[in-house]
1. Among the residues of segment 81-100, write down those that are within 17 Å of GLY23 (Cβ to Cβ), of a type in the set (D, E, K, R) and without any contact (Cβ under 8 Å) to a residue 24 or more places away in the chain.
2. Where residues in segment 48-74 are touching a strand residue (DSSP E or B) at 6+ places or on another chain (Cβ under 7 Å) and in a loop (DSSP other than H, G, I, E, B), which of them is most open to solvent (accessible area, probe 1.4 Å)?
3. Collect the residues in segment 22-34 that are open to solvent by less than 80 Å² (accessible area, probe 1.4 Å) and either touching a strand residue (DSSP E or B) at 6+ places or on another chain (Cβ under 9 Å) or not in a loop (DSSP other than H, G, I, E, B) (or both), keeping them in residue-number order.
4. Do we find that ILE77 is under 30 Å from SER18 (Cβ atoms), modelled with pLDDT under 90 and buried (at least 16 other Cβ atoms within 10 Å of the Cβ) in this structure?
5. Quick check on THR37: is it within 19 Å of GLU111 (Cα to Cα) and open to solvent by 50 Å² or more (accessible area, probe 1.4 Å)?
6. Hey, among ASP88, ASP116, which residue is acidic (Asp, Glu), more than 15 Å from the chain's Cα centre (by Cα) and buried (at least 16 other Cβ atoms within 10 Å of the Cβ)?
Amino acid sequence: MDLGDKNHVLCVLDRNGSVCYEGNIPNTKDDLVKFFTRYKGASVALEAATHSPWISRLLEELGCQVLVGNPRKLRVIWDSDRKNDSRDAMMLARIARFDPDLLYPVNHRGEGAQVDLELLQARDMLVKTRTSLINHVRGSVKAFGARLRSCIFQSIPATDST
């Protein structure tokens, strides 16, 4: 499955390696559940990307064996002169069928760990943005020949307290 932001491209191979289905599926939980419910026990190959953590967890809950390929190691896909989503989906399916280790599979963190990491990254972004804004104000004031007195960052309110 080649993941996209709005739609995914699928290539399903039968036991003999023949393509038995090619198509698109919207990037919604309901559509993924509806499609993959009939493929319980199937191996599903996809590349690590923005949506791969939640999709891989969902497909595992549906009973699929999920192989999340490391995109940096899949040169046969990203370095192709004939790159398109359908071909990428087919290459992922064929690689997974031939030798799953060639995907250099990665393991996503669990949902709880992902939530914790997202909170830490959001806080880091807020602190960096606040620091940048404070430095901008100080620089703007200097451009007019004045200076702001030195202060600790807590004295500049993060929210309007009035």
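1. Result: ARG87, single match.
2. ALA48
3. GLY23, ILE25, PRO26, ASN27, ASP31, LEU32, VAL33
4. So ILE77 passes the test.
5. So THR37 does not fit the description; no.
6. ASP88
Residue by residue, here is whether (1) closer than 24 Å to ASP99 by Cβ; (2) among the aliphatic types (A, V, I, L, M) holds:
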{"residue": "VAL12", "(1), (2)": "yes, yes"}
{"residue": "GLY17", "(1), (2)": "yes, no"}
{"residue": "PHE35", "(1), (2)": "no, no"}
{"residue": "GLY41", "(1), (2)": "yes, no"}
{"residue": "VAL44", "(1), (2)": "yes, yes"}
{"residue": "SER52", "(1), (2)": "yes, no"}
{"residue": "GLN65", "(1), (2)": "yes, no"}
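The values are calculated or read from the model by the stated rules, or taken from the named source; none is laboratory data. Given the structure is predicted, the values throughout are model-derived calculations rather than measurements. Glycine also receives a Cβ, built like all others from the backbone with ideal geometry; neighbour counts cover every protein chain displayed. Just the protein is used for accessible areas: all its heavy atoms, side chains included, with ligands, DNA and RNA removed. Shrake-Rupley method; radii C 1.70, N 1.55, O 1.52, S 1.80 Å.
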